[in-house]
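Scroll down for the structure; my scribbles are underneath it.
The values are calculated or read from the model by the stated rules, or taken from the named source; none is laboratory data. These figures come from a predicted structure and were not determined experimentally. Only protein heavy atoms, including side chains, enter the accessible area calculation; ligands, DNA and RNA are left aside. Shrake-Rupley method; radii C 1.70, N 1.55, O 1.52, S 1.80 Å.
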Amino acid sequence: ARHCDTTTSIIAHSSKNDSNADITIQKNPQRIITAVYYITEDDWCRDRDGGCLRIFENSHDDDDDDGQQEDHYDIVPYADRLVLFRSDLVEHQVLPSTARTRLAITVWLYGHLITAEPNTRNCQVQSPDISQIEKGSDSITTT
């Protein structure tokens, strides 16, 4: 089925004492990156065997506003091909194999997406005082 690997379960962390940012963190890890390594037979044929990974360029709608089919790319599962993509952002679909079994090794990298929005209410920027740098020193004094 056509999809993006996303979740809507999030928790928001916000505090009046937090001077840096309001943070939003996903509650459950989700698939962020998908890696597919095809180990199909060497003579795999797109037309005869099928089994492409379809990557959609546009939104979830089947047609654009002008009535044309939306753009997509079909990645043929040729032997020794490695495909990496952001599975949370890229809408994709695996098409059925028609003549032979498609073989692949798939790895999903899970994680929490963290987004931070600057909170400028209590933000004080501290710049390094360049005059305080001693020759050969790694330390900088902030004021």
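Solvent exposure of residue 2, expressed as accessible area, is near 60 Å², computed with a probe of 1.4 Å over the protein chains only. If the segment from residue 112 to residue 4 were pulled out straight at 0.36 nm per residue, it would be longer than the present Cα-Cα gap by 37.3 nm. Heavy-atom accessible area for residue 108, with the other protein chains in place and a 1.4 Å probe, reaches approximately 110 Å².
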